[in-house]
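*Asks:* Have a look at this one before I ask anything.
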Amino acid sequence: MGERLLEVEDLQVSFVTEEGVLRAVDGVSFTLDRGEVVAIVGESGSGKSVTVMTLMGLTRGPNSRFGGTARLGDRELIGASEQELQRIRGKEIAMIFQDPISSLSPVHRVGDQIVEQIRAHEDISKAAALDRAVELMRRVGIPHAEQRARAFPHEFSGGMRQRAMIAMALSLSPSVLIADEPTTALDVTIQAQILEEIKELRAHGDAGVIFVTHDLGVVADIADRVLVMYGGRVVEQGTLDEIFYDPQHPYTWGLLGSVTRMDREPPRRLPAIPGQPPSLLSPPEGCHFRPRCPHAFDRCIEVPPLEARLPEAPGHLDRCWLEVADKRARREVAGRIGLAAAGTVIA
Amino acid sequence: MSDAAPSPNGGPLLEAEHLKLYFPVRKGVLVDRTIGHVHAVDDVTVRLQEGQTLGIVGESGCGKSTLARCLARLLEPTEGAVRFRGQDITHWGRRRLAPIRTEIQLVFQDPISSLNPRKRVGQIVGTPLRLHGMDRRAAERRVRELLERVGLNPEHVNRFPHEFSGGQRQRIGIARALAVDPRLIVLDEPVSALDVSIQAQVINLLDDLQDDFGLSYVFIAHDLSVVRHVSDWIGVMYLGKLVELSPAKELYVKPIHPYTEALLAAIPIPDPSENRARERIVVGGEPPNPIAPPSGCRFHTRCPRATDVCRQVEPPLVEYAGGHVAACHHPMSVDEQEVASVTYSPLSPLSAGRLMPNGKEAPAERAPGDAGARPAASGEPSR
């Protein structure tokens, strides 16, 4: 892989609310290299968006508390001054949001919005910046880019708006691109087009991408490495194949089991994870997944550390007390976790 | 409450025939001029048998939700007919529809905006009961039963919607729909707003309720992954038209219309190595404007197989083996023999051409008055 871009270590984010302290992110660590896609997977309230927004400095506020470090090259992001962040945002880390209509200004032309971002960081003429904006819009597949640059966001369709967002994010060739559920609001055929664009970026090897999503299908399509988050903690992380073919955490099994697969006979009954996600204000003691976990036992009242439990895969970490052999036996019974059925042999 | 007579001679519970709904596009400040129409639903014929589920799939703007609203008679169709148990309810007024309202219920996509935030759960679920004349005591008892039935704690009757999670709110919506003992529930993207693990719970609940109460469902979805688990028949819509209708299982292994194929191909498979091995056809472009839909086949602007005939002749729905119908001049996943033996489907829009994919012309139009006659073709139960 390419050079190391970003190193996040033991990131902690809490928000002080009237009802108490909410620990949104509790000890997230990962690295991002140039040319790779790291996916953060989780359901609502898992802390996946807060993690990436914190990297951009977007969760700062009087009631926010941070811990840990996030190093971009030789600069620290967590304690950085607002001024420093201004220089980094857009230029070195750019972000694509889920909902492009609320992240573009409705009263400015799309091209002008891109121009403004370019000129905020670089000393070039308006005309030159506009040329670059049009070129970027063309690159991400917006037809008739010159005319479309003069249009307002409401004149764009959802997919086109998301492309415009991507063009804007790419305008200063950032080394880190954060995509927070960029395709969730889009139709499936448009989602496929946008994913192709992001894959194209990876192929160019210019940037490293952090891709936040709840959709394991999208993850399988795009990611190199995966973090699975639940209740503010990473419960499992590893390479794409490790997570899909040798998942170690019961929550990952549940997620993999709940996904519908187009290429298989559907099960008579969908495997569902019982219960509700935890409240982060009063999370369950010990492992956060314990109340919903069919495999929980007495030791789960202690928080399992996130560590490598497989001698053959030192980079594959998980937070579960079960013995590895035990896990492999149980998850087979637990459902249709692509393994035996897919004919994949596990080492 | 479901004491209504069963459908006459086992006919379908619900039928839509050549249903059209056009929304006028108006312009002008002083003088309102209609400058065009959005062809939201453009001549769709579907039917639903008692106890079955009809899935309707399509992307945003294809008219699936409008179709659902016409079927539930929240909207009045511009043309065509909606029949419930053989009764033509197309143009019935509010008062006349009242008894039918207890039989057809709706569940919406967004549980937060479809539940009144100022009302307690007990009131939300109980109101339909009270409206239909149940006394307070009995209604309260029934509300508790309903909450329990959909997997909520009956002690939570006094809570407000915001105190529940998304999945639980959707359960409240389902309990409210169930309150009046409906025969048919129109589900408009009921799980799209929920997390995956919760989606599975709600789908399983809907499945159980269908078995227990013999419900029929119209299930609207924006992609093909969820409807698969619940549907007996699945219809695919594109820009106001029904382009394919098939027994649910068959659609996934044998998509005939290229658009269905594109929808299937667009869904990523949650299996990295299979995903890498798979050759994906990414359909370019976006759905065209429904105010001025393209000529001929509406998909021809994006279709990799389109030829001149697609631009000129609107393909009729033709029937393949097993009641599988599709509207395409260049069908996929079928061999020559299958194409040779197709028949013209009476589900076809009236505006469709007579040219079938086997090169034959369908026999001439029946007498105009006969167009509404009940065709014996597709949509019949497969089991």
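The values are calculated or read from the model by the stated rules, or taken from the named source; none is laboratory data. Values in this document were obtained by computation on a predicted structure and should not be read as measured data. Cβ atoms come from the backbone with ideal geometry, glycine included; neighbour counts cover every protein chain shown.
*Asks:* List the number of the failed condition for A:Ile101; all other conditions in (1) assigned to a loop (DSSP other than H, G, I, E, B); (2) surrounded by fewer than 16 Cβ atoms within 10 Å (Cβ to Cβ) hold.
*Replies:* (1)
*Asks:* Criterion first (hydroxyl-bearing (Ser, Thr, Tyr) and modelled with pLDDT under 90) does A:Ser49 satisfy it? Walk me through it before giving the result.
*Replies:* On the way: hydroxyl-bearing (Ser, Thr, Tyr): yes; modelled with pLDDT under 90: no.
In short, no.
*Asks:* Looking at region A:74-98, I want the residues that are assigned to a loop (DSSP other than H, G, I, E, B) and have a partner that is at pLDDT 90 or above and small (Gly, Ala, Ser) with Cβ atoms under 6 Å, at least 6 apart or on another chain. Which pairs are those?
*Replies:* A:Leu77/A:Ala70; A:Ile78/A:Ala70; A:Glu92/A:Ser175
*Asks:* Give the residues of region A:104-116 that are part of a helix (DSSP H, G or I) and under 18 Å from A:Ala179 (Cα atoms), sorted by residue number.
*Replies:* Taking region A:104-116 first, the residues part of a helix (DSSP H, G or I) are A:110-116.
Hit for region A:104-116 is A:Ile114, nothing else.
*Asks:* So which of B:His37, B:His18 ends up being closer than 27 Å to A:Thr189 by Cβ, part of a strand (DSSP E or B), away from chain A (no Cβ under 14 Å) and not acidic (Asp, Glu)? Steps first, please.
*Replies:* Working: B:His18 fails: closer than 27 Å to A:Thr189 by Cβ.
Selected residue: B:His37, the only one of B:His37, B:His18 that is closer than 27 Å to A:Thr189 by Cβ, part of a strand (DSSP E or B), away from chain A (no Cβ under 14 Å) and not acidic (Asp, Glu).
*Asks:* Identify all residues within region A:19-53 that are assigned to a strand (DSSP E or B), in contact with a strand residue (DSSP E or B) (Cβ under 6 Å, 6 or more places away or on another chain) and farther than 18 Å from A:Glu307 by Cα; write none if there are none.
*Replies:* Restricting attention to region A:19-53, the residues satisfying the condition of being assigned to a strand (DSSP E or B) are A:20-33, A:37-41.
Still in the list and also in contact with a strand residue (DSSP E or B) (Cβ under 6 Å, 6 or more places away or on another chain): A:21-33, A:37-41.
Answer for region A:19-53, where residues must be assigned to a strand (DSSP E or B), in contact with a strand residue (DSSP E or B) (Cβ under 6 Å, 6 or more places away or on another chain) and farther than 18 Å from A:Glu307 by Cα: A:Val21, A:Leu22, A:Arg23, A:Ala24, A:Leu32, A:Asp33, A:Val37, A:Val38, A:Ala39, A:Val41.
*Asks:* Collect the residues in region A:10-29 that are surrounded by fewer than 19 Cβ atoms within 10 Å (Cβ to Cβ) and either on the phi > 0 side of the Ramachandran plot or under 16 Å from the mean Cα position of the chain (by Cα) (or both), keeping them in residue-number order.
*Replies:* A:Asp10, A:Gly20, A:Gly27, A:Ser29
*Asks:* Still on this model: Would you please name the residue that is surrounded by the most Cβ atoms within 10 Å (Cβ to Cβ), looking only at residues in region A:51-69 that are polar (S, T, N, Q) and farther than 16 Å from A:Ile40 by Cα?
*Replies:* Here is the first cut: in region A:51-69, the ones polar (S, T, N, Q) are A:51, A:54, A:59, A:63-64, A:69.
Retained after the next criterion (residues that are farther than 16 Å from A:Ile40 by Cα): A:59, A:63-64, A:69.
Numbers: A:Thr59: 18, A:Asn63: 12, A:Ser64: 14, A:Thr69: 15.
Restricting to residues being polar (S, T, N, Q) and farther than 16 Å from A:Ile40 by Cα, the top hit is A:Thr59.
*Asks:* Filter region A:157-173 down to residues that are assigned to a loop (DSSP other than H, G, I, E, B), in contact with a helix residue (DSSP H, G or I) (Cβ under 9 Å, 6 or more places away or on another chain) and surrounded by fewer than 22 Cβ atoms within 10 Å (Cβ to Cβ), then give me how many there are. Walk me through how you get there before you give the answer.
*Replies:* To start, the set of residues in region A:157-173 that are assigned to a loop (DSSP other than H, G, I, E, B) comprises A:157, A:171-173.
Checking which are in contact with a helix residue (DSSP H, G or I) (Cβ under 9 Å, 6 or more places away or on another chain) leaves us with A:157, A:171-172.
Retained after the next criterion (residues that are surrounded by fewer than 22 Cβ atoms within 10 Å (Cβ to Cβ)): A:157, A:172.
Going through region A:157-173 one residue at a time, the tally reaches 2.
*Asks:* Of all residues in region B:258-313, count the ones that are within 20 Å of A:Ile194 (Cβ to Cβ) and among the polar types (S, T, N, Q).
*Replies:* Quick first cut of region B:258-313, residues within 20 Å of A:Ile194 (Cβ to Cβ) only: B:259, B:261-270, B:272, B:275-276, B:278-288, B:301-302, B:304.
When the remaining residues are screened for being among the polar types (S, T, N, Q), the result is B:275, B:301.
Within region B:258-313, residues that are within 20 Å of A:Ile194 (Cβ to Cβ) and among the polar types (S, T, N, Q) number 2.
*Asks:* State which residue pairs qualify: first residue over 22 Å from A:Arg202 (Cβ atoms) and without any contact (Cβ under 8 Å) to a residue 60 or more places away in the chain and inside region A:152-174, second residue crowded, with 21+ Cβ neighbours inside 10 Å and small (Gly, Ala, Ser) in any location, beta carbons under 7 Å apart, and separation of 6 or more residues or different chains.
*Replies:* So the pair list comes out as A:Phe156/A:Ala164.
*Asks:* Identify all residues within region B:161-170 that are more than 11 Å from chain A (Cβ to nearest Cβ) and surrounded by 16 or more Cβ atoms within 10 Å (Cβ to Cβ); write none if there are none.
*Replies:* Answer for region B:161-170, where residues must be more than 11 Å from chain A (Cβ to nearest Cβ) and surrounded by 16 or more Cβ atoms within 10 Å (Cβ to Cβ): B:Pro161, B:Arg169, B:Gln170.
*Asks:* Does region B:256-287 hold any residues that are closer than 14 Å to B:Gly58 by Cα and not aliphatic (A, V, I, L, M), and which are they?
*Replies:* B:His257, B:Pro258, B:Tyr259, B:Thr260, B:Glu261, B:Glu286, B:Pro287, listed by residue number.
*Asks:* In addition: With region B:53-114 as the region, which strands (runs of 3 or more DSSP E) entirely inside it contain at least 2 residues that are closer than 17 Å to B:Tyr217 by Cβ, among the β-branched types (Val, Ile, Thr) and within 14 Å of chain A (Cβ to nearest Cβ)?
*Replies:* B:53-57
*Asks:* Also, I was wondering about something else. What strands (runs of 3 or more DSSP E), lying completely within region A:203-279, carry at least 2 residues that are within 11 Å of chain B (Cβ to nearest Cβ) and in contact with a Gly (Cβ under 8 Å, 6 or more places away or on another chain)?
*Replies:* Working: elements: A:208-213, A:225-230, A:233-239.
Correct list: A:225-230.
*Asks:* When you scan region B:300-315, do you find a residue that is within 13 Å of another protein chain (Cβ to nearest Cβ) and in contact (Cβ under 8 Å) with a residue 60 or more places away in the chain, even just one?
*Replies:* Narrowing region B:300-315 to residues within 13 Å of another protein chain (Cβ to nearest Cβ): B:301-304.
Filter once more, keeping what is in contact (Cβ under 8 Å) with a residue 60 or more places away in the chain: none.
Checked against the condition, which is being within 13 Å of another protein chain (Cβ to nearest Cβ) and in contact (Cβ under 8 Å) with a residue 60 or more places away in the chain, region B:300-315 yields no hits at all.
*Asks:* Could you check, for region A:292-307, whether at least one of its residues is surrounded by 15 or more Cβ atoms within 10 Å (Cβ to Cβ), outside any loop (DSSP other than H, G, I, E, B), in contact with a strand residue (DSSP E or B) (Cβ under 9 Å, 6 or more places away or on another chain) and at pLDDT below 95? Explain how you work it out, then say what you get.
*Replies:* Keep residues of region A:292-307 that are surrounded by 15 or more Cβ atoms within 10 Å (Cβ to Cβ), which gives A:292-293, A:295-296, A:300, A:303-304, A:306.
Of the ones still in play, those that are also outside any loop (DSSP other than H, G, I, E, B) are A:292, A:300.
Adding the requirement that they be in contact with a strand residue (DSSP E or B) (Cβ under 9 Å, 6 or more places away or on another chain) leaves none.
No, region A:292-307 contains no residue that is surrounded by 15 or more Cβ atoms within 10 Å (Cβ to Cβ), outside any loop (DSSP other than H, G, I, E, B), in contact with a strand residue (DSSP E or B) (Cβ under 9 Å, 6 or more places away or on another chain) and at pLDDT below 95.
*Asks:* Does at least one position in region B:95-108 carry a residue that is under 19 Å from the mean Cα position of the chain (by Cα), modelled with pLDDT of 90 or more and within 19 Å of B:Ser348 (Cβ to Cβ)?
*Replies:* No, region B:95-108 contains no residue that is under 19 Å from the mean Cα position of the chain (by Cα), modelled with pLDDT of 90 or more and within 19 Å of B:Ser348 (Cβ to Cβ).
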